[in-house]
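First the structure, in the form of structure tokens, and then the observations on it.
The values are calculated or read from the model by the stated rules, or taken from the named source; none is laboratory data. Predicted, not measured: the structure shown is a model, and the values here were computed from it. Because the Cβ atoms are built from the backbone with ideal geometry, glycine has one as well, and the counts that use them run over all protein chains shown.
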Ligand code: EPZ
């Protein structure tokens, strides 16, 4: 396991360009399988999950090239319907590639998904929706076999606005000449970006960003070129890093509407943030922020669960007491025990955490249990007095481009070993 050694106390300053969103590039890469054409994607983040997904596409028969942040996929050569199980086990979100393969080949095969350990990661909503679409699903020895011969028009009501299930339905429906409606769809910006891409390859998708999405699929596709939306969670991470180090950062390549939940929270805590132009944000913090009473994670446009661990670090260093309620995932407080090793005063009661702000955190040896917890620990280490050793950096690198290099360029004393 690689480690980051961080000497805390440096104020971050300078500017950083926010890369494309991990949770947008992944479903859009899956969608490239559907068209059988050539797709050029710009602003792809250089992260492990993208590399893993590109390997899955290659094993399906796609020709994939990447140069810097531009990825080109030619899916004319797709000749397999099987998602590579070793790669699937590393990344749960690969299950949405099944929807894309079914759209193209009317069948798919995959292992049960693995990925980040955020409590149970069921896919019952995906399975139920697929069955409503006429897809037969059998499971044995941990593998899933999808038969989409009878793919049909349907109206699907999601019991929960699951991001992955919404994406999987959109992808499968893209290959059906007919209409599919999703009611209680996820409204995340990444859904809108997937919809924009599908419309570029010849699918007609309407309503994304709202709770009812309609997909009219096709069998005639075109080449496409698309730029991935900026990563709102990476942006939140750097905003919080500026806040805890009382720094002065300019974040470039932002979509303001996507970061409103985080901006509004930081402003309520006393931060002053200023948009410069229509895609840059300056955050300059000179004083300790104040805890606000309750932060609840919720589906977009609520406060994003992916920023919860990062905000917990900020809350741990703010004045007063804060409460965080994690409504999306079980098991998403695994960073608390690690933050307490650094001196944080946090009590966890199921999905609720009570955080009593302290004046300082102290360097310690901590381990990232998952991607976003790891990000929260890195942010904590930037502010802590003394040296912190963060193990499990490979988790953080699943979602953050060269986080050591990026933070060093902003003045952090950080090195990877
Ligand atoms: C996506 O995960 C994101 N991942 C997650 O980001 C993000 O936290 C999550 O959406 C919520 O915004 C990608 O886009 C690759 P869900 P996904 O289906 O699709 C339950 C990160 O750190 N559920 O909306 O898995 C599920 O257990 C990652 O970037 C079912 O019960 O999220 C969870 O409690 C982490 N049955 C809740 O719904 C299902 O069939 C939300 O899951 C599916 C989900």
*asked:* Pairs needed: first member in region 309-333, under 16 Å from residue 246 (Cβ atoms); second member anywhere, within 13 Å of the ligand (Cβ to nearest atom) and at pLDDT 95 or above; C-beta distance under 6 Å; at least 6 residues apart or different chains.
replied: 313/376
*Could you tell me which residue of region 296-322 is farthest from the chain's Cα centre (by Cα), considering only residues that are within 19 Å of residue 379 (Cα to Cα) and away from the ligand (no atom under 15 Å from the Cβ)?*
319
_Pair list, Cβ under 8 Å, 6 or more apart: region 292-307 residue farther than 18 Å from residue 161 by Cβ and at pLDDT below 95, other residue assigned to a loop (DSSP other than H, G, I, E, B) and away from the ligand (no atom under 11 Å from the Cβ)_ = 292/269
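Residues in region 156-175: is at least one surrounded by fewer than 16 Cβ atoms within 10 Å (Cβ to Cβ), modelled with pLDDT of 95 or more and away from the ligand (no atom under 12 Å from the Cβ)? Don't jump to the end; show me each part of the working.
First, pick out the residues of region 156-175 that are surrounded by fewer than 16 Cβ atoms within 10 Å (Cβ to Cβ): 157, 159-160.
Keeping just the survivors that are modelled with pLDDT of 95 or more gives 157, 159-160.
Remaining after also requiring away from the ligand (no atom under 12 Å from the Cβ): 157.
Yes, region 156-175 contains a residue that is surrounded by fewer than 16 Cβ atoms within 10 Å (Cβ to Cβ), modelled with pLDDT of 95 or more and away from the ligand (no atom under 12 Å from the Cβ).
How many residues are in a helix (DSSP H, G or I) and surrounded by fewer than 17 Cβ atoms within 10 Å (Cβ to Cβ) if we restrict to region 233-284? Before you say what the answer is, go through the steps one by one.
In the first step, residues of region 233-284 are kept if they are in a helix (DSSP H, G or I); the result is 233-244, 256-268.
This time we only want the ones that are surrounded by fewer than 17 Cβ atoms within 10 Å (Cβ to Cβ), so: 256-257, 260, 264, 267-268.
Of the residues in region 233-284, 6 are in a helix (DSSP H, G or I) and surrounded by fewer than 17 Cβ atoms within 10 Å (Cβ to Cβ).
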*Count, please, the residues in region 313-327 that happen to be surrounded by 20 or more Cβ atoms within 10 Å (Cβ to Cβ) and in a loop (DSSP other than H, G, I, E, B).*
3
_So for region 196-203 (the condition being touching a residue at least 12 places away in the same chain (Cβ under 8 Å), out of contact with any helix residue (DSSP H, G or I) (no Cβ under 7 Å at 6 or more places or on another chain) and crowded, with 23+ Cβ neighbours inside 10 Å), does at least one residue qualify?_
yes
*Complete set of residues in region 291-309 that are exposed (fewer than 15 other Cβ atoms within 10 Å of the Cβ) and part of a strand (DSSP E or B)*: 294
*Of all residues in region 106-128 being more than 12 Å from the ligand (Cβ to nearest atom) and buried (at least 18 other Cβ atoms within 10 Å of the Cβ), which is modelled with the lowest pLDDT?*
111
